[in-house]
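Notes follow once the structure below has been shown.
The values are calculated or read from the model by the stated rules, or taken from the named source; none is laboratory data. It should be emphasised that the depicted structure is a prediction, and the values quoted were computed from it without experimental measurement. Because the Cβ atoms are built from the backbone with ideal geometry, glycine has one as well, and the counts that use them run over all protein chains shown.
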Amino acid sequence: MSEAETLEAVAPRAKKPKQITMVQALNAAIDEAMAADEGVILLGEDVGAKQGGGVFKVSSGLTEKYGEHRIRATPISEQAIMGACVGAALTGMRPIAEIMLMNFVTVAMDQIVNHAAKLRFMSGGQTNVPMVIRTTTGVGVGFGGQHSDMLEAWFAHVPGLKIVTPSNAADARGLMRSAIECNDPVIFIENILCYGLKSDDPGTDYRVPLGQAAIAREGSDVSLITYGRTVLDALEVAETLAAESVSVEVIDLRTIAPFDEATVTASVRKTGRAVVLHEAVRAYGTGAEIASRLHESLFNELKAPVQRIGGAFSAVPMASVLEQAWIPKKEEIAAAIRTTMDWKR
Amino acid sequence: MSLDRDTLLDIYTRTMKVARFDEKMRSLLMSGKLATIYYTMRGQELVTSAMMAALNQDDYLVTTYRGQHDQIAKGVPLDLLIAEIAGRATGTCKGKGGSMHITHPATGVMVTTGVVGSGLPIANGLALSSQNRKDGKVTVTCFGDGATNIGAFHEAMNMAQLYKLPVIFLCQNNRYGEHTAFADHTRVDSIVTRAAAYGMKGVKVDGNDAVAMYAAAKEAVDRARAGEGPTLIEAMCYRMMGHFFGADFSYMPPEHIEEMKAEDPLPKLNALMLEHQFTQAELDAIVAKLEAEIEAAVEFAFSSPFPDADEIRKDVFEEEIAA
């Protein structure tokens, strides 16, 4: 027996942490939150046991445990779903609205922007809206223009909303618990392409604090700032460029707004170079805000202008060849990093 | 059906509180002492007073920008309300909401929205909370006829009936959606016919008839509390002035103006009180007391400080925004 085989025989699997997918992580986090607090309820289309526990199975098994009063399968009525969550939240419940796809959030914008986001302020702090809006999206599966958008910049522009997106299953579990416990409305963006990603299970009662970025890979030459699915691309590019002796630090924001400016600024102060990457359309995106803040705070320390990478300025196309042309590519990310490395003042 | 004297007195007091408040606000606006957007409820005082008289203090209310009558009838203290309208730090919402966004959970006023129709889906959520918690509370949401053509109305009606929520949709049909007459924005004769489309109980009532209005309100409240589900009440009334204070309403035809003058709820209610053996002197004494309360509230509001500029960093999130 080799040494590894011996170890395996002595402590079979006990030392190997259990793996969970992002869907399982989200399900576990919601399950735990529901067990801990009767006020946690879920409203959304198809979320009940009769409908199979949600289109992506995130609420699988929850109706059986908590009943139809807490897992409310709704009509296709996004305004009514969102409004009901706002109202329930005003009484101190912690509702979760599941909006199947992010583009459908647009038909409930009034409830989110005019009500969920503003009621704490407009009431002078007498009320607050502790709700989570769970929604999924993603480019790369051929769903086309109305089922793929990342709209985080729309919400980041609205005072009163927090926006979160996990890039891995463990963060999904920890961020969901924190989002449910947050006393303000949180938009929780899930990427369809990440649902099957596996992480070591961080276990029960795991929390990732909102507003805290993660250094996904340490580096010293360039800071690559991103979130969600593109964190995976960023890590691959960082690995590729390491072979060229370019050391890339990858920052996973996890909370898109308000973002962890301290961590981002500290990283860019160290590296002197920054590239901001997101799947959403590049123009007017959150990357513009982050780049602008870096220019404002670190202008004299930057070795190159902050580069931005994002989706093309068109609707997300259906045909695979077009979709792949639309989405930020790894070569583009690498090229942007090289641009910052080669910059001459 | 008739009303007992206590209930009648209750409705009268709420109604006259609203009416004298409104008169005072209009005089402050006319004299320039107050400069703000104000949506007078002249003509709709009784509808809401009869509704609120049928509720408990801790029942929930969601109303709209034309909602000061609803808030007062529900019990929001006048001093805090007027201070809010005047943008003072002592107002219900520290001057951050204003007349269109009055919130006062202590009296059950959970949301006042400036967006037509948006209150209905929120009312469902309050009612859903009560249903889950079995706290016995009823939620009322007030809106005008104009709100019944926005999608939120239909989504909310369907969901309320689907879940049999303890909610009452009180449509104060004042016959105008902003400047557009009812017949020019809706093809059916009555809003109440829409209740049937959702399998919901609907009641149409003369909102200027205290006895009928209270009976409709009470029945809806009893049904909701008993777990029998929502009711749509279409209460017919008139908006006796323009869309907002100072707005032209010459688009109202003369015969409409004659009709609404004849149906003015205030003299009708006064006559009803006399029929029920209240004396005019008793009624006048009640009104005099209300007027004194309103004067004191105005005095409180105008002697209160304006909010601190730092308030823009507070209440955005639970944690303060850094300066």
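Below, the figures for the structure above:
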quantity	calculated
Filtered residue count, the range A:86-112, keeping only those that are assigned to a helix (DSSP H, G or I) and within 10 Å of chain B (Cβ to nearest Cβ)	9
Checklist (1) over 27 Å from A:Val86 (Cβ atoms); (2) within 11 Å of the chain's Cα centre (by Cα); (3) not in a loop (DSSP other than H, G, I, E, B) applied to A:Ser167, failing item	(3)
Residue match in the range A:138-150 (condition: out of contact with any strand residue (DSSP E or B) (no Cβ under 7 Å at 6 or more places or on another chain), within 13 Å of chain B (Cβ to nearest Cβ) and not polar (S, T, N, Q))	no
Residues within the range B:75-131 that are surrounded by fewer than 21 Cβ atoms within 10 Å (Cβ to Cβ), over 22 Å from B:Glu293 (Cα atoms) and either of a type in the set (Phe, Trp, Tyr) or touching an Asp or Glu at 6+ places or on another chain (Cβ under 8 Å) (or both), tallied	1
Complete set of residues in the range A:251-310 that are small (Gly, Ala, Ser), part of a loop (DSSP other than H, G, I, E, B) and in contact with a strand residue (DSSP E or B) (Cβ under 7 Å, 6 or more places away or on another chain)	A:Gly285
Neighbours by Cβ (under 8 Å, 6+ apart or cross-chain): first from the range B:295-311, among the hydroxyl-bearing types (Ser, Thr, Tyr); second assigned to a helix (DSSP H, G or I)	B:Ser304/B:Ala83
Checklist (1) surrounded by 17 or more Cβ atoms within 10 Å (Cβ to Cβ); (2) over 25 Å from the mean Cα position of the chain (by Cα); (3) of a type outside the set (A, V, I, L, M, F, W, C) applied to A:Ser297, failing item	(1)
A:Pro95 under 29 Å from A:Leu193 (Cβ atoms), buried (at least 24 other Cβ atoms within 10 Å of the Cβ) and out of contact with any His (no Cβ under 9 Å at 6 or more places or on another chain)	yes
Residues (among the small types (Gly, Ala, Ser), in contact with a strand residue (DSSP E or B) (Cβ under 7 Å, 6 or more places away or on another chain) and either part of a loop (DSSP other than H, G, I, E, B) or more than 16 Å from B:Tyr65 (Cβ to Cβ) (or both)) located in the range B:78-122	B:Gly108, B:Gly117
From B:Met16, B:Met41, B:Met25, B:Met51, residue being hydrophobic (A, V, I, L, M, F, W, C), part of a loop (DSSP other than H, G, I, E, B) and surrounded by 20 or more Cβ atoms within 10 Å (Cβ to Cβ)	B:Met41
Given (1) without any contact (Cβ under 8 Å) to a residue 12 or more places away in the chain; (2) farther than 21 Å from B:Ala160 by Cα, index of the condition B:Gly125 fails	(2)
Hits in the range A:30-85 - residues which are touching a residue at least 60 places away in the same chain (Cβ under 8 Å) and either at the interface with another protein chain (Cβ under 10 Å from one of its Cβ atoms) or assigned to a strand (DSSP E or B) (or both)	A:Val40, A:Gly44
Evaluation of B:Asp206 against (1) touching a residue at least 40 places away in the same chain (Cβ under 8 Å); (2) under 20 Å from the mean Cα position of the chain (by Cα) (one fails), failing number	(1)
The lone exception for B:Thr103 - which of (1) at the interface with another protein chain (Cβ under 9 Å from one of its Cβ atoms); (2) over 18 Å from the mean Cα position of the chain (by Cα) it fails	(2)
Candidate set: the range A:131-145, residues that are out of contact with any Leu (no Cβ under 7 Å at 6 or more places or on another chain) and surrounded by 24 or more Cβ atoms within 10 Å (Cβ to Cβ); chosen: the one farthest from A:Ala80 (Cα to Cα)	A:Val139
Any hit, the range A:155-166, residues being among the hydrophobic types (A, V, I, L, M, F, W, C) and either free of Cβ contacts under 8 Å to residues at least 40 places away in the same chain or assigned by TED's automatic domain parsing to the domain that holds A:Val321 (or both)	no
Wholly enclosed strands (runs of 3 or more DSSP E) of the range B:152-236 bearing at least 1 residues more than 14 Å from chain A (Cβ to nearest Cβ) and among the basic types (Lys, Arg)	B:201-206
